[in-house]
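Student: Here it is, the structure in full.
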Amino acid sequence: MSHRQGQTVWELRTGRKRRMQLGSLIRSGSTGSVFHITELPDEVVKLYHAPTDMSVYGRKIRAMLALPPQVPAPAPGFESVVQLAWPVAEAIDRDDRFLGFIMPEPDTKATLGLEYMFQESQTKSAGVSAGLGVRVTLAANLSALIGALHRQHPYVVDMKPSNFRFYRDSLYISMLGCDGCSIQGASERFPANQPVTDFLAPEFHKEGKVPEGQE
């Protein structure tokens, strides 16, 4: 079905089911659409498009809910920083069928897309320094976040810049699209099925290797 603003869906969190209403559409991509939630101002919901295999995605999201990764805590004063848009609850319909997931939303007014750092004209227009110190700090924060994830075995296969935002004041990185990672569940690994080829790690371009399984 096509999801739209005003539609009713249900949140399933720690075994409790709660009704909620979709707010405005934030964006729509190849696998799903992301909406604001009227009852949850600091969180958003991603609802998958048909004909997505809901059985596979449902198992993957439940595996992510069961094993949330631990990342380095922000410095004092920056506790509100969202470093990972990791699932915090399932989104289901009236009959308990899986639709997608709920995740925290980074403050869009306090953050910019990482692609802003690619061109000096963009950084200037956004009022952000393009200096070497800023770029090195962003690179270090991004590496620390990815390293923490990989040590716990969710693997970030697709590094496209639109999956990352950074906070203007602290330069902390916020990672979006976490459901696109390769995820290790209790008894199966869920591969990253839709990576953007231009942003794959170099090892995936050797001898036609593709990111299947990502053990």
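The values are calculated or read from the model by the stated rules, or taken from the named source; none is laboratory data. What you are looking at is a predicted structure, and each value in this text was computed from that prediction instead of being measured. Here Cβ is always computed from backbone atoms with ideal geometry, including for glycine, and neighbour counts include all displayed protein chains. With ligands, DNA and RNA removed, areas are computed over all heavy atoms of the protein, side chains included. Shrake-Rupley method; radii C 1.70, N 1.55, O 1.52, S 1.80 Å.
Here's the yes/no breakdown for (1) within 24 Å of ALA192 (Cα to Cα); (2) open to solvent by less than 30 Å² (accessible area, probe 1.4 Å):
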{"position": "PRO51", "(1), (2)": "yes, no"}
{"position": "ARG62", "(1), (2)": "yes, no"}
{"position": "PRO69", "(1), (2)": "yes, yes"}
{"position": "VAL82", "(1), (2)": "yes, yes"}
{"position": "ALA89", "(1), (2)": "yes, yes"}
{"position": "ASP96", "(1), (2)": "no, no"}
{"position": "PHE101", "(1), (2)": "yes, yes"}
{"position": "GLY113", "(1), (2)": "yes, yes"}
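Student: Next question. How many residues does segment 1-37 contain that are β-branched (Val, Ile, Thr) and either in a loop (DSSP other than H, G, I, E, B) or surrounded by fewer than 17 Cβ atoms within 10 Å (Cβ to Cβ) (or both)?
Tutor: Counting residues in segment 1-37 that are β-branched (Val, Ile, Thr) and either in a loop (DSSP other than H, G, I, E, B) or surrounded by fewer than 17 Cβ atoms within 10 Å (Cβ to Cβ) (or both) gives 4.
Student: Something else: For the list (1) in contact with a helix residue (DSSP H, G or I) (Cβ under 9 Å, 6 or more places away or on another chain); (2) free of Cβ contacts under 8 Å to residues at least 24 places away in the same chain; (3) over 22 Å from ASP53 (Cβ atoms), I need the number of the one condition that ASN193 fails.
Tutor: Going through (1) in contact with a helix residue (DSSP H, G or I) (Cβ under 9 Å, 6 or more places away or on another chain); (2) free of Cβ contacts under 8 Å to residues at least 24 places away in the same chain; (3) over 22 Å from ASP53 (Cβ atoms) one by one, ASN193 breaks only (3).
Student: I want to confirm something. Restricting to segment 164-190 and keeping residues that are free of Cβ contacts under 8 Å to residues at least 40 places away in the same chain and more than 12 Å from the chain's Cα centre (by Cα), which single residue is farthest from PRO154 (Cα to Cα)?
Tutor: LEU171
Student: Of everything in segment 72-82, what is modelled with pLDDT of 95 or more and more than 18 Å from VAL34 (Cβ to Cβ)? Give them in sequence order.
Tutor: VAL81
Student: Just one of PRO154, PRO191, PRO195 is modelled with pLDDT of 75 or more and in contact with a Cys (Cβ under 6 Å, 6 or more places away or on another chain); which is it?
Tutor: Residue meeting the stated conditions: PRO154.
Student: Any residue in segment 91-108 that is in contact (Cβ under 8 Å) with a residue 40 or more places away in the chain and acidic (Asp, Glu) sitting within a Cβ distance under 7 Å of a residue that is open to solvent by less than 10 Å² (accessible area, probe 1.4 Å) and part of a strand (DSSP E or B)? List the pairs, counting only those 6 or more apart or interchain.
Tutor: Here the result reads ASP93/VAL9; GLU105/VAL44, each pair linking segment 91-108 to a residue that is open to solvent by less than 10 Å² (accessible area, probe 1.4 Å) and part of a strand (DSSP E or B).
Student: Show the residue pairs meeting these rules: Cβ distance below 8 Å; 6+ apart or different chains; first residue within segment 143-154 and touching a residue at least 60 places away in the same chain (Cβ under 8 Å); second residue assigned to a helix (DSSP H, G or I) and not small (Gly, Ala, Ser).
Tutor: Between residues of segment 143-154 that are touching a residue at least 60 places away in the same chain (Cβ under 8 Å) and residues that are assigned to a helix (DSSP H, G or I) and not small (Gly, Ala, Ser), the close pairs are PRO154/MET64; PRO154/CYS178.
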